[in-house]
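Encoded as C-alpha coordinates, the structure appears first; notes follow it.
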Amino acid sequence: MNAILLDGSMGLYLQSKIGDLGKYPELTNISHASQVREIHAEYAAAGAQITTSNTFLVSPYRSTLAEYDITQMLMKSLTNALSAGLPIALDIGPLGRLLEPYGELSADDVYAEFAAVISAGAPVADYVLLETFADLREIEIALRAANECCSKPVFVTATFRADGTTYMGATVEQFAACANMCGANVVGFNCTLNPLEAREVFDRFKACTDIPLLVQPNQIEGAGADEFADAMMWYVERGAAYVGGCCGTTPAHIKALGDRIRDAS
Amino acid sequence: MSEKLQAIKTAVENGKVKVVAGLVEEALAAGEGAKEILNEAMIGAMSVVGEKFKNNEIFVPEMLIAARAMKKGVEVLAPALKDAGSEPIGKLIIGTVAGDLHDIGKNLVAMMIEGAGFEVLDLGVDVPTEKFVDTLKEDPSIQIVALSALLTTTMPAMKDATDALNAYRKETGRKLKILVGGAPITQAYADEIGADGYSEDAASAAELAKKALADLKAGK
(Lines give C-alpha, C1' and ligand atoms only; values in the text may rest on other atoms or scores of the structure.)
Protein backbone atom coordinates (compact mmCIF):
# COMPACT_ATOMS: atom_id res chain seq x y z
CA MET A 1 0.00 0.00 0.00
CA ASN A 2 1.61 3.19 -1.11
CA ALA A 3 -1.02 5.88 -0.84
CA ILE A 4 0.43 9.38 -0.95
CA LEU A 5 -0.49 11.50 2.04
CA LEU A 6 -1.86 15.02 1.64
CA ASP A 7 -2.47 17.41 4.50
CA GLY A 8 -5.60 18.19 6.52
CA SER A 9 -7.77 21.26 7.01
CA MET A 10 -6.33 24.77 6.90
CA GLY A 11 -9.26 27.10 7.69
CA LEU A 12 -10.62 25.52 10.86
CA TYR A 13 -7.19 24.69 12.20
CA LEU A 14 -5.97 28.24 11.57
CA GLN A 15 -9.07 29.55 13.30
CA SER A 16 -8.27 27.44 16.35
CA LYS A 17 -4.93 29.25 16.50
CA ILE A 18 -5.79 32.85 15.68
CA GLY A 19 -9.56 33.18 16.23
CA ASP A 20 -11.74 35.04 13.76
CA LEU A 21 -10.47 34.72 10.18
CA GLY A 22 -12.33 37.82 9.06
CA LYS A 23 -14.41 38.38 6.00
CA TYR A 24 -11.65 37.45 3.55
CA PRO A 25 -9.76 34.53 5.11
CA GLU A 26 -7.24 34.46 2.25
CA LEU A 27 -5.81 37.71 3.66
CA THR A 28 -4.37 35.62 6.52
CA ASN A 29 -1.60 34.64 4.09
CA ILE A 30 -0.34 38.18 4.60
CA SER A 31 -1.72 39.19 8.01
CA HIS A 32 -0.85 35.89 9.76
CA ALA A 33 1.86 34.51 7.50
CA SER A 34 3.84 33.01 10.38
CA GLN A 35 0.85 31.02 11.68
CA VAL A 36 -0.03 29.83 8.16
CA ARG A 37 3.57 28.69 7.70
CA GLU A 38 3.49 27.02 11.08
CA ILE A 39 0.47 24.96 9.96
CA HIS A 40 2.16 23.97 6.69
CA ALA A 41 5.21 22.94 8.74
CA GLU A 42 3.11 20.96 11.23
CA TYR A 43 1.50 18.99 8.42
CA ALA A 44 4.90 18.33 6.87
CA ALA A 45 6.23 17.15 10.24
CA ALA A 46 3.15 14.94 10.60
CA GLY A 47 4.12 13.13 7.42
CA ALA A 48 2.19 14.91 4.68
CA GLN A 49 3.93 14.52 1.33
CA ILE A 50 2.20 17.39 -0.44
CA THR A 51 1.43 20.87 0.93
CA THR A 52 -1.88 22.41 -0.07
CA SER A 53 -1.65 26.19 -0.47
CA ASN A 54 -4.02 28.40 1.54
CA THR A 55 -5.68 29.69 -1.62
CA PHE A 56 -9.08 27.99 -1.72
CA LEU A 57 -10.93 31.32 -1.84
CA VAL A 58 -8.53 33.36 -3.97
CA SER A 59 -10.17 34.68 -7.14
CA PRO A 60 -10.11 37.87 -9.21
CA TYR A 61 -13.69 38.60 -8.14
CA ARG A 62 -12.81 38.41 -4.45
CA SER A 63 -9.56 40.31 -5.01
CA THR A 64 -11.63 43.24 -6.21
CA LEU A 65 -13.95 43.03 -3.17
CA ALA A 66 -11.11 42.69 -0.67
CA GLU A 67 -8.77 44.99 -2.61
CA TYR A 68 -5.81 42.69 -2.92
CA ASP A 69 -3.55 42.08 -5.88
CA ILE A 70 -4.20 38.57 -7.12
CA THR A 71 -0.65 37.83 -8.26
CA GLN A 72 0.85 39.18 -5.05
CA MET A 73 -1.65 37.17 -2.97
CA LEU A 74 -0.82 33.96 -4.84
CA MET A 75 2.93 34.52 -4.55
CA LYS A 76 2.61 35.21 -0.84
CA SER A 77 0.46 32.09 -0.23
CA LEU A 78 2.69 29.87 -2.34
CA THR A 79 5.79 31.20 -0.56
CA ASN A 80 4.13 30.29 2.74
CA ALA A 81 3.44 26.81 1.38
CA LEU A 82 6.98 26.46 -0.01
CA SER A 83 8.43 27.02 3.45
CA ALA A 84 7.31 23.50 4.41
CA GLY A 85 9.77 22.07 1.89
CA LEU A 86 7.30 19.76 0.10
CA PRO A 87 5.75 19.73 -3.37
CA ILE A 88 2.85 22.20 -3.50
CA ALA A 89 -0.71 21.78 -4.69
CA LEU A 90 -2.25 25.10 -5.76
CA ASP A 91 -5.63 24.90 -4.08
CA ILE A 92 -8.65 26.27 -5.95
CA GLY A 93 -12.27 26.09 -4.79
CA PRO A 94 -15.51 26.77 -6.62
CA LEU A 95 -16.40 30.41 -7.22
CA GLY A 96 -19.34 30.50 -4.85
CA ARG A 97 -21.47 32.08 -7.56
CA LEU A 98 -23.61 30.23 -10.05
CA LEU A 99 -23.61 29.89 -13.80
CA GLU A 100 -26.44 30.97 -16.09
CA PRO A 101 -29.33 30.23 -16.28
CA TYR A 102 -29.68 29.45 -12.56
CA GLY A 103 -27.09 32.08 -11.64
CA GLU A 104 -25.61 35.21 -13.15
CA LEU A 105 -22.22 34.08 -14.45
CA SER A 106 -21.52 33.31 -18.09
CA ALA A 107 -19.19 30.44 -18.99
CA ASP A 108 -16.64 33.06 -20.11
CA ASP A 109 -16.80 34.79 -16.71
CA VAL A 110 -16.14 31.49 -14.96
CA TYR A 111 -13.28 30.60 -17.29
CA ALA A 112 -11.65 34.00 -16.73
CA GLU A 113 -11.73 33.58 -12.93
CA PHE A 114 -10.05 30.17 -12.98
CA ALA A 115 -7.64 31.06 -15.78
CA ALA A 116 -6.33 34.06 -13.84
CA VAL A 117 -5.57 32.06 -10.69
CA ILE A 118 -4.05 29.12 -12.59
CA SER A 119 -1.93 31.26 -14.92
CA ALA A 120 -0.46 33.21 -12.03
CA GLY A 121 -0.14 30.42 -9.47
CA ALA A 122 0.55 27.17 -11.28
CA PRO A 123 4.07 28.04 -12.48
CA VAL A 124 5.18 28.17 -8.83
CA ALA A 125 3.24 25.06 -7.79
CA ASP A 126 3.74 21.36 -8.57
CA TYR A 127 0.08 20.44 -8.91
CA VAL A 128 -3.27 22.13 -9.34
CA LEU A 129 -5.95 20.96 -6.88
CA LEU A 130 -9.51 21.88 -7.87
CA GLU A 131 -11.58 20.88 -4.86
CA THR A 132 -15.05 20.79 -3.32
CA PHE A 133 -16.88 21.31 -6.62
CA ALA A 134 -20.57 20.52 -7.09
CA ASP A 135 -21.62 21.88 -10.48
CA LEU A 136 -20.55 19.76 -13.43
CA ARG A 137 -20.40 22.76 -15.75
CA GLU A 138 -18.20 24.71 -13.37
CA ILE A 139 -15.91 21.67 -13.01
CA GLU A 140 -15.63 21.31 -16.76
CA ILE A 141 -14.71 24.97 -17.22
CA ALA A 142 -12.19 24.86 -14.36
CA LEU A 143 -10.57 21.76 -15.89
CA ARG A 144 -10.46 23.39 -19.30
CA ALA A 145 -8.77 26.45 -17.74
CA ALA A 146 -6.27 24.16 -15.99
CA ASN A 147 -5.49 22.35 -19.26
CA GLU A 148 -5.06 25.50 -21.26
CA CYS A 149 -3.25 27.68 -18.71
CA CYS A 150 -0.67 25.31 -17.25
CA SER A 151 1.13 22.03 -17.77
CA LYS A 152 1.02 20.80 -14.17
CA PRO A 153 -0.89 17.64 -13.15
CA VAL A 154 -4.45 18.40 -12.15
CA PHE A 155 -6.32 16.88 -9.17
CA VAL A 156 -10.06 17.44 -9.06
CA THR A 157 -12.56 16.63 -6.32
CA ALA A 158 -16.28 17.15 -5.96
CA THR A 159 -18.24 17.02 -2.73
CA PHE A 160 -20.90 14.30 -2.57
CA ARG A 161 -23.68 13.35 -0.21
CA ALA A 162 -23.86 9.72 0.88
CA ASP A 163 -26.16 8.93 -2.07
CA GLY A 164 -23.42 9.92 -4.52
CA THR A 165 -24.92 13.17 -5.78
CA THR A 166 -23.72 16.73 -5.25
CA TYR A 167 -26.23 19.37 -4.21
CA MET A 168 -26.18 20.55 -7.81
CA GLY A 169 -27.23 17.13 -9.02
CA ALA A 170 -23.99 15.74 -10.42
CA THR A 171 -23.48 12.03 -9.81
CA VAL A 172 -20.19 10.26 -9.13
CA GLU A 173 -20.36 8.66 -12.58
CA GLN A 174 -21.02 11.94 -14.40
CA PHE A 175 -18.24 13.68 -12.49
CA ALA A 176 -15.74 10.89 -13.18
CA ALA A 177 -16.66 10.91 -16.88
CA CYS A 178 -16.18 14.67 -17.01
CA ALA A 179 -12.79 14.43 -15.25
CA ASN A 180 -11.77 11.69 -17.67
CA MET A 181 -12.87 13.62 -20.73
CA CYS A 182 -11.04 16.74 -19.54
CA GLY A 183 -7.84 14.84 -18.82
CA ALA A 184 -7.70 15.20 -15.02
CA ASN A 185 -4.77 13.27 -13.54
CA VAL A 186 -6.38 12.50 -10.20
CA VAL A 187 -10.07 12.48 -9.31
CA GLY A 188 -11.98 12.03 -6.07
CA PHE A 189 -14.10 13.55 -3.36
CA ASN A 190 -13.73 15.75 -0.28
CA CYS A 191 -15.70 17.46 2.49
CA THR A 192 -19.39 16.84 3.45
CA LEU A 193 -18.92 13.17 4.48
CA ASN A 194 -16.64 11.58 7.03
CA PRO A 195 -14.67 8.42 6.14
CA LEU A 196 -17.33 6.15 7.65
CA GLU A 197 -20.00 7.65 5.40
CA ALA A 198 -18.24 7.78 2.04
CA ARG A 199 -17.59 4.12 1.25
CA GLU A 200 -20.34 3.76 -1.30
CA VAL A 201 -19.17 6.93 -3.06
CA PHE A 202 -15.67 5.47 -3.26
CA ASP A 203 -16.94 2.14 -4.59
CA ARG A 204 -18.83 3.96 -7.31
CA PHE A 205 -15.68 5.85 -8.32
CA LYS A 206 -13.75 2.58 -8.47
CA ALA A 207 -16.43 1.00 -10.62
CA CYS A 208 -16.42 3.78 -13.22
CA THR A 209 -12.88 5.14 -13.57
CA ASP A 210 -9.24 4.08 -13.77
CA ILE A 211 -7.93 7.54 -12.87
CA PRO A 212 -6.04 7.49 -9.53
CA LEU A 213 -8.39 8.39 -6.68
CA LEU A 214 -8.05 11.10 -4.02
CA VAL A 215 -10.03 10.76 -0.77
CA GLN A 216 -10.23 13.79 1.57
CA PRO A 217 -13.24 13.51 3.87
CA ASN A 218 -14.05 15.47 7.02
CA GLN A 219 -13.16 14.44 10.56
CA ILE A 220 -15.56 12.08 12.32
CA GLU A 221 -17.63 14.23 14.65
CA GLY A 222 -17.01 13.30 18.28
CA ALA A 223 -14.12 10.96 17.44
CA GLY A 224 -10.39 11.51 17.45
CA ALA A 225 -7.45 11.21 15.09
CA ASP A 226 -7.07 7.45 15.60
CA GLU A 227 -10.67 6.67 14.65
CA PHE A 228 -10.26 8.88 11.58
CA ALA A 229 -7.04 7.12 10.58
CA ASP A 230 -8.57 3.68 11.11
CA ALA A 231 -11.55 4.58 8.95
CA MET A 232 -9.28 6.01 6.26
CA MET A 233 -7.37 2.73 5.98
CA TRP A 234 -10.48 1.20 4.40
CA TYR A 235 -9.79 3.44 1.37
CA VAL A 236 -6.03 2.87 1.42
CA GLU A 237 -6.59 -0.89 1.42
CA ARG A 238 -8.87 -0.54 -1.57
CA GLY A 239 -6.36 1.37 -3.62
CA ALA A 240 -6.91 5.07 -2.92
CA ALA A 241 -3.84 6.69 -4.48
CA TYR A 242 -3.96 9.91 -2.45
CA VAL A 243 -5.48 10.45 1.00
CA GLY A 244 -5.83 13.41 3.33
CA GLY A 245 -8.40 15.27 5.39
CA CYS A 246 -10.88 18.09 5.04
CA CYS A 247 -12.82 20.09 7.65
CA GLY A 248 -11.89 19.41 11.26
CA THR A 249 -8.81 17.31 10.52
CA THR A 250 -5.50 18.39 12.06
CA PRO A 251 -1.83 17.39 11.96
CA ALA A 252 -2.73 14.71 14.55
CA HIS A 253 -5.12 13.10 12.05
CA ILE A 254 -2.52 13.19 9.29
CA LYS A 255 0.17 11.79 11.61
CA ALA A 256 -2.10 8.92 12.71
CA LEU A 257 -2.98 8.11 9.11
CA GLY A 258 0.65 8.30 7.98
CA ASP A 259 1.70 5.93 10.78
CA ARG A 260 -0.92 3.39 9.76
CA ILE A 261 0.00 3.55 6.08
CA ARG A 262 3.65 2.98 7.01
CA ASP A 263 2.81 0.10 9.35
CA ALA A 264 0.69 -1.55 6.67
CA SER A 265 3.33 -1.42 3.93
CA MET B 1 -58.12 23.16 -10.20
CA SER B 2 -59.04 25.07 -13.36
CA GLU B 3 -57.12 24.60 -16.56
CA LYS B 4 -55.64 28.10 -16.27
CA LEU B 5 -54.39 27.51 -12.74
CA GLN B 6 -53.03 24.10 -13.68
CA ALA B 7 -51.08 25.67 -16.55
CA ILE B 8 -49.48 28.17 -14.15
CA LYS B 9 -48.69 25.45 -11.66
CA THR B 10 -47.04 23.28 -14.30
CA ALA B 11 -45.06 26.23 -15.68
CA VAL B 12 -43.74 27.19 -12.23
CA GLU B 13 -42.90 23.58 -11.37
CA ASN B 14 -40.93 23.22 -14.56
CA GLY B 15 -39.24 26.62 -14.25
CA LYS B 16 -40.72 28.09 -17.42
CA VAL B 17 -39.54 31.59 -16.50
CA LYS B 18 -40.58 33.16 -19.78
CA VAL B 19 -44.17 31.96 -19.95
CA VAL B 20 -45.36 32.33 -16.35
CA ALA B 21 -46.07 36.08 -16.48
CA GLY B 22 -48.20 35.66 -19.61
CA LEU B 23 -50.12 32.74 -18.10
CA VAL B 24 -50.87 34.77 -14.96
CA GLU B 25 -52.16 37.67 -17.08
CA GLU B 26 -54.37 35.27 -19.00
CA ALA B 27 -55.73 33.73 -15.82
CA LEU B 28 -56.52 37.14 -14.30
CA ALA B 29 -58.23 38.22 -17.54
CA ALA B 30 -60.28 35.04 -17.46
CA GLY B 31 -61.54 35.98 -14.01
CA GLU B 32 -59.42 33.70 -11.80
CA GLY B 33 -58.89 35.12 -8.32
CA ALA B 34 -55.45 36.49 -7.44
CA LYS B 35 -55.38 34.57 -4.15
CA GLU B 36 -56.20 31.29 -5.89
CA ILE B 37 -53.48 31.91 -8.47
CA LEU B 38 -50.98 32.53 -5.70
CA ASN B 39 -52.02 29.82 -3.26
CA GLU B 40 -53.17 26.96 -5.43
CA ALA B 41 -51.03 27.42 -8.53
CA MET B 42 -47.80 29.04 -7.36
CA ILE B 43 -47.40 28.07 -3.72
CA GLY B 44 -48.79 24.67 -4.68
CA ALA B 45 -46.13 24.36 -7.38
CA MET B 46 -43.31 25.34 -5.03
CA SER B 47 -44.49 22.79 -2.52
CA VAL B 48 -44.22 20.09 -5.19
CA VAL B 49 -40.78 21.42 -6.13
CA GLY B 50 -39.70 21.27 -2.48
CA GLU B 51 -40.92 17.71 -2.18
CA LYS B 52 -39.08 16.63 -5.35
CA PHE B 53 -35.92 18.32 -4.07
CA LYS B 54 -36.10 16.45 -0.79
CA ASN B 55 -36.53 13.19 -2.69
CA ASN B 56 -33.47 13.96 -4.85
CA GLU B 57 -35.61 13.98 -7.99
CA ILE B 58 -34.43 17.52 -8.73
CA PHE B 59 -31.45 19.56 -7.50
CA VAL B 60 -30.46 23.14 -6.73
CA PRO B 61 -30.50 24.42 -10.34
CA GLU B 62 -34.06 23.21 -11.04
CA MET B 63 -35.24 24.62 -7.72
CA LEU B 64 -33.66 28.01 -8.39
CA ILE B 65 -35.26 28.21 -11.80
CA ALA B 66 -38.69 27.25 -10.44
CA ALA B 67 -38.39 29.91 -7.74
CA ARG B 68 -37.44 32.45 -10.36
CA ALA B 69 -40.46 31.48 -12.46
CA MET B 70 -42.69 32.03 -9.44
CA LYS B 71 -41.11 35.43 -8.86
CA LYS B 72 -41.96 36.47 -12.41
CA GLY B 73 -45.55 35.42 -11.84
CA VAL B 74 -45.80 37.23 -8.51
CA GLU B 75 -44.55 40.46 -10.13
CA VAL B 76 -47.54 40.40 -12.45
CA LEU B 77 -49.87 39.27 -9.71
CA ALA B 78 -48.84 41.83 -7.07
CA PRO B 79 -51.34 44.61 -7.89
CA ALA B 80 -54.25 42.15 -8.05
CA LEU B 81 -53.15 40.56 -4.76
CA LYS B 82 -53.14 43.99 -3.13
CA ASP B 83 -56.64 44.74 -4.45
CA ALA B 84 -57.84 41.39 -3.13
CA GLY B 85 -56.47 42.27 0.30
CA SER B 86 -54.15 39.28 0.26
CA GLU B 87 -51.55 39.33 3.02
CA PRO B 88 -48.39 37.26 3.37
CA ILE B 89 -48.75 34.51 5.97
CA GLY B 90 -45.89 35.90 8.03
CA LYS B 91 -42.74 38.01 7.93
CA LEU B 92 -39.21 36.73 8.14
CA ILE B 93 -35.75 38.25 7.86
CA ILE B 94 -32.81 36.26 6.59
CA GLY B 95 -29.08 36.83 6.24
CA THR B 96 -25.68 35.16 6.07
CA VAL B 97 -23.80 35.84 9.31
CA ALA B 98 -20.86 38.21 9.76
CA GLY B 99 -17.67 37.22 7.96
CA ASP B 100 -19.43 34.88 5.54
CA LEU B 101 -20.01 36.01 1.96
CA HIS B 102 -21.92 32.98 0.69
CA ASP B 103 -25.36 33.57 -0.66
CA ILE B 104 -26.38 30.65 -2.87
CA GLY B 105 -27.93 28.59 -0.08
CA LYS B 106 -29.34 31.60 1.70
CA ASN B 107 -30.99 32.88 -1.51
CA LEU B 108 -32.48 29.48 -2.16
CA VAL B 109 -33.92 29.31 1.35
CA ALA B 110 -35.32 32.86 0.97
CA MET B 111 -36.95 31.89 -2.33
CA MET B 112 -38.50 28.72 -0.91
CA ILE B 113 -39.84 30.54 2.16
CA GLU B 114 -41.27 33.23 -0.12
CA GLY B 115 -42.65 30.40 -2.18
CA ALA B 116 -44.48 29.19 0.93
CA GLY B 117 -46.29 32.53 1.21
CA PHE B 118 -44.07 34.56 3.55
CA GLU B 119 -42.85 38.10 3.13
CA VAL B 120 -39.08 37.78 3.24
CA LEU B 121 -36.64 40.60 3.91
CA ASP B 122 -33.18 39.55 2.78
CA LEU B 123 -30.42 41.39 4.65
CA GLY B 124 -27.76 39.92 2.36
CA VAL B 125 -24.37 38.43 3.25
CA ASP B 126 -21.81 39.30 5.94
CA VAL B 127 -24.58 40.72 8.11
CA PRO B 128 -23.28 42.15 11.40
CA THR B 129 -25.07 40.81 14.47
CA GLU B 130 -26.37 44.28 15.38
CA LYS B 131 -28.04 44.55 11.97
CA PHE B 132 -30.33 41.59 12.75
CA VAL B 133 -31.31 43.10 16.10
CA ASP B 134 -31.71 46.64 14.72
CA THR B 135 -33.95 45.40 11.91
CA LEU B 136 -36.17 43.64 14.46
CA LYS B 137 -36.38 46.81 16.56
CA GLU B 138 -37.42 48.83 13.52
CA ASP B 139 -40.11 46.43 12.41
CA PRO B 140 -42.34 44.87 15.07
CA SER B 141 -44.13 42.73 12.46
CA ILE B 142 -41.10 40.46 11.92
CA GLN B 143 -41.73 37.07 13.53
CA ILE B 144 -38.84 34.93 12.38
CA VAL B 145 -35.09 35.43 11.92
CA ALA B 146 -33.22 32.96 9.71
CA LEU B 147 -29.41 32.75 9.90
CA SER B 148 -27.14 31.12 7.34
CA ALA B 149 -23.46 30.10 7.51
CA LEU B 150 -21.63 28.08 4.89
CA LEU B 151 -18.15 28.01 6.35
CA THR B 152 -17.19 25.97 9.38
CA THR B 153 -15.10 29.00 10.28
CA THR B 154 -18.10 31.34 10.48
CA MET B 155 -20.14 29.09 12.78
CA PRO B 156 -18.97 31.15 15.81
CA ALA B 157 -20.51 34.25 14.15
CA MET B 158 -23.80 32.35 13.99
CA LYS B 159 -23.54 31.71 17.71
CA ASP B 160 -22.85 35.42 18.34
CA ALA B 161 -25.93 36.41 16.35
CA THR B 162 -28.09 33.82 18.12
CA ASP B 163 -26.80 34.99 21.52
CA ALA B 164 -27.67 38.60 20.67
CA LEU B 165 -31.13 37.64 19.40
CA ASN B 166 -31.81 35.54 22.49
CA ALA B 167 -30.68 38.44 24.72
CA TYR B 168 -32.97 40.82 22.81
CA ARG B 169 -35.86 38.36 23.13
CA LYS B 170 -35.31 37.97 26.86
CA GLU B 171 -34.98 41.70 27.41
CA THR B 172 -38.13 42.65 25.49
CA GLY B 173 -40.30 39.55 25.90
CA ARG B 174 -40.95 39.68 22.16
CA LYS B 175 -42.31 36.54 20.51
CA LEU B 176 -39.73 35.51 17.95
CA LYS B 177 -38.28 32.39 16.37
CA ILE B 178 -34.62 31.95 15.41
CA LEU B 179 -33.91 29.43 12.65
CA VAL B 180 -30.45 28.37 11.44
CA GLY B 181 -29.00 26.44 8.55
CA GLY B 182 -26.05 26.01 6.19
CA ALA B 183 -23.75 23.21 5.08
CA PRO B 184 -21.77 22.74 8.31
CA ILE B 185 -24.74 23.32 10.66
CA THR B 186 -26.41 20.39 12.43
CA GLN B 187 -29.40 20.01 14.73
CA ALA B 188 -26.95 19.44 17.58
CA TYR B 189 -25.20 22.73 16.84
CA ALA B 190 -28.53 24.56 16.59
CA ASP B 191 -29.50 23.18 20.02
CA GLU B 192 -26.12 24.03 21.47
CA ILE B 193 -26.28 27.70 20.47
CA GLY B 194 -29.91 28.11 21.51
CA ALA B 195 -31.62 28.42 18.11
CA ASP B 196 -35.29 27.40 17.87
CA GLY B 197 -35.00 25.39 14.70
CA TYR B 198 -32.69 23.90 12.09
CA SER B 199 -33.36 22.45 8.69
CA GLU B 200 -30.99 20.63 6.42
CA ASP B 201 -32.16 22.01 3.10
CA ALA B 202 -34.14 24.82 1.53
CA ALA B 203 -37.32 22.80 1.05
CA SER B 204 -37.36 21.77 4.71
CA ALA B 205 -36.60 25.38 5.66
CA ALA B 206 -39.93 26.49 4.17
CA GLU B 207 -41.73 23.86 6.24
CA LEU B 208 -39.74 24.81 9.31
CA ALA B 209 -40.73 28.46 8.89
CA LYS B 210 -44.40 27.47 8.65
CA LYS B 211 -44.07 25.34 11.77
CA ALA B 212 -42.31 28.17 13.62
CA LEU B 213 -45.16 30.49 12.69
CA ALA B 214 -47.76 27.99 13.89
CA ASP B 215 -45.84 27.61 17.17
CA LEU B 216 -45.77 31.39 17.62
CA LYS B 217 -49.51 31.58 17.04
CA ALA B 218 -50.04 28.77 19.52
CA GLY B 219 -48.09 30.81 22.05
CA LYS B 220 -45.11 28.45 22.09
Please list, in order along segment A:4-11, the HN-Hα scalar couplings obtained from phi with the Karplus expression 6.51 cos²θ - 1.76 cosθ + 1.60 (θ = phi - 60°), rounded to whole Hz, x for Gly and Pro. 8, 9, 8, 8, x, 5, 9, x
Given springs between every Cα pair under 10 Å in a Gaussian network model of chain A, which of A:Glu42, A:Glu100, A:Glu227 has the largest fluctuation? A:Glu100
Can you give me the % of accessible surface on the protein assembly as shown that is carbon or sulfur? Probe 1.4 Å, all protein chains present, nothing else counted. 51
Rounded to two decimals, what is the ratio between the C-alpha radius of gyration of the protein assembly as shown and 2.2 N^0.38 Å? 1.03
So the number of lysine pairs in segment B:91-217 with alpha-carbon atoms under 18 angstrom apart, 8 or more residues apart or on different chains, is 26
So what does the Cα-only Debye profile of segment A:4-264 read at q = 0.09, 0.10, 0.11, 0.16 Å⁻¹, as log10 I(q)/I(0), no solvent term? -0.36, -0.44, -0.54, -1.23
Electrostatic dipole magnitude of chain A [Cβ: Lys, Arg +1; Asp, Glu -1; Cα centre; debye, to 20]: 400
For segment B:125-220, what does the alpha-carbon gyration tensor say about shape, rounded, prolate or oblate, given a ≥ b ≥ c as the root eigenvalues, a/c under 1.5 as rounded, and a/b over b/c as prolate? oblate
Can you compute the helix-only [θ] at 222 nm over chain B? Use -39500 (n - 2.57) per DSSP H run of at least 4 residues, normalise by all residues, nearest 500 deg cm²/dmol. -18000 deg cm²/dmol
Choose one of B:Thr10, B:Met46, B:Pro61: the residue whose Cα lies farthest towards the positive end of the charge dipole of segment B:3-83 (beta-carbon charges +1 Lys, Arg; -1 Asp, Glu; about the Cα centre). B:Pro61
Give the dimensionless ratio obtained when the Cα radius of gyration of chain B is divided by 2.2 N^0.38 Å. 1.03
Taking θ = phi - 60°, what integer Hz values does the Karplus form 6.51 cos²θ - 1.76 cosθ + 1.60 yield along segment A:12-26, in sequence order, with x for Gly and Pro? 5, 5, 5, 4, 5, 8, 10, x, 3, 8, x, 6, 10, x, 5
³J(HN,Hα), Karplus 6.51/-1.76/1.60, whole Hz, each residue of segment B:25-38, x for Gly, Pro: 4, 4, 5, 4, 4, 7, x, 5, x, 4, 5, 5, 4, 5
Any residue on another chain or 5+ positions along whose placed amide H is under 5 Å from the amide H of A:Thr52 is listed here as A:Asp7, A:Ala89
Residue with peak Gaussian network fluctuation, chain A [Cα springs, cutoff 10 Å], from A:Leu105, A:Leu214, A:Leu193: A:Leu105
List the residues of segment A:1-43 whose accessible area drops by at least 50 Å² when all protein chains are present, compared with their chain alone, using a 1.4 Å probe and counting only protein heavy atoms. A:Gln15, A:Lys23
Which value, in nm² and rounded to one decimal, describes the direction-averaged projected area of the C-alpha convex hull of segment A:189-253? 3.9
Top of B:Ala167, B:Ala34, B:Ala69 by mean-square fluctuation, Gaussian network on chain B, Cα under 10 Å: B:Ala167
Considering only DSSP beta bridges with both partners in chain A, what is the antiparallel share in %, to the nearest 5? 5
So, with +1 on the Cβ of K and R and -1 on the Cβ of D and E, and no other charges, what is the size of the charge dipole of chain B about its Cα centre, to the nearest 20 debye? 280
Which residues of segment B:55-76 show a drop of at least 30 Å² in accessible area when all protein chains are present, compared with their chain alone (probe radius 1.4 Å, heavy atoms only, ligands and nucleic acids excluded)? B:Asn56, B:Phe59, B:Val60, B:Pro61, B:Leu64, B:Ile65, B:Arg68
Whose amide H sits under 5 Å from the amide H of B:Gly124, counting only residues 5 or more places off or on another chain, with H placed in the peptide plane? B:Thr96
In Å², nearest 100, what accessible area do chains A and B bury in total when the solvent probe is 1.4 Å? 1600
Along the charge dipole of segment B:45-163, which of B:Leu136, B:Gly85, B:Thr154 sits closest to the positive end, that is, farthest toward it, with unit charges on the beta carbon of Lys, Arg, Asp and Glu (+1, +1, -1, -1)? B:Gly85
Within chain A, count lysine pairs with alpha carbon atoms under 27 angstrom apart where the residues are 8 or more positions apart or belong to different chains. 7
Net dipole in debye of segment A:41-118 [+1 Lys, Arg Cβ; -1 Asp, Glu Cβ; about Cα centre; nearest 20]: 280
Non-local amide H neighbours of A:Phe133 (under 5 Å, H modeled in plane, Pro and chain starts lacking H): which ones? A:Thr157, A:Ala158, A:Thr159
Between B:Asp163 and A:Leu65, what FRET efficiency comes out of the Förster formula 1/(1 + (r/R0)^6) with R0 = 25 Å and r the beta carbon distance, rounded to 0.05? 0.35
Of every Cα-Cα pair in segment B:3-83, the percent that sits beyond 23 Å: 15
If a paramagnetic tag sat 7 Å from the Cα of A:Asn185 along the Cα-Cβ line, which residues of segment A:113-138 would have the backbone N under 13 Å from that point? A:122-130
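The values are calculated or read from the model by the stated rules, or taken from the named source; none is laboratory data. All figures in this text were calculated on a predicted structure; none of them were measured in a lab. Cβ sites come from the backbone with ideal geometry, for glycine too, and all protein chains shown count toward neighbours. Only protein heavy atoms, including side chains, enter the accessible area calculation; ligands, DNA and RNA are left aside. Shrake-Rupley method; radii C 1.70, N 1.55, O 1.52, S 1.80 Å.
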